[in-house]
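Working notes, beginning with the structure itself.
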């Protein structure tokens, strides 16, 4: 079944509070799959799942705040959700959080904190983190 065909199934489960289905419903709203595209509704479903500790939703919500998709553009709020996902071991979130600290995007620039998060992701096999760490350590 396609995402559009699954929309009603996910909607019922999402309304019962199932975070995985809330994420799927959010994606449907972002893409306009099975429903009219509505980024505000998509971000709202990500928020519901993120508040329940769903790491993928936290990462998605951080992207919403970084880009102002369905929520106000707010780098501080974006980093908050990125940090929540990173703390749960989500390697993409760890990589992105490391980048934030490296560049000062949404947080004060902090190379040591950047390396900490990049190393966590790199040790878990995240190739982008491995590459960035090599570049950073090559500059030192």
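Filtered by the rule that a residue be at pLDDT 95 or above and not in a helix (DSSP H, G or I), region 3-35 gives 16, 17, 18.
The set of residues in region 41-78 being more than 19 Å from residue 19 (Cβ to Cβ) and out of contact with any helix residue (DSSP H, G or I) (no Cβ under 6 Å at 6 or more places or on another chain) consists of 67, 68, 72, 73, 75, 76.
Within region 17-31, is even one residue in contact (Cβ under 8 Å) with a residue 24 or more places away in the chain, within 10 Å of the chain's Cα centre (by Cα) and surrounded by 21 or more Cβ atoms within 10 Å (Cβ to Cβ)?
no
The values are calculated or read from the model by the stated rules, or taken from the named source; none is laboratory data. Keep in mind that this is a model prediction, so the values were computed, not measured. Neighbour counts run over all protein chains shown; Cβ positions are idealised from the backbone, glycine included.
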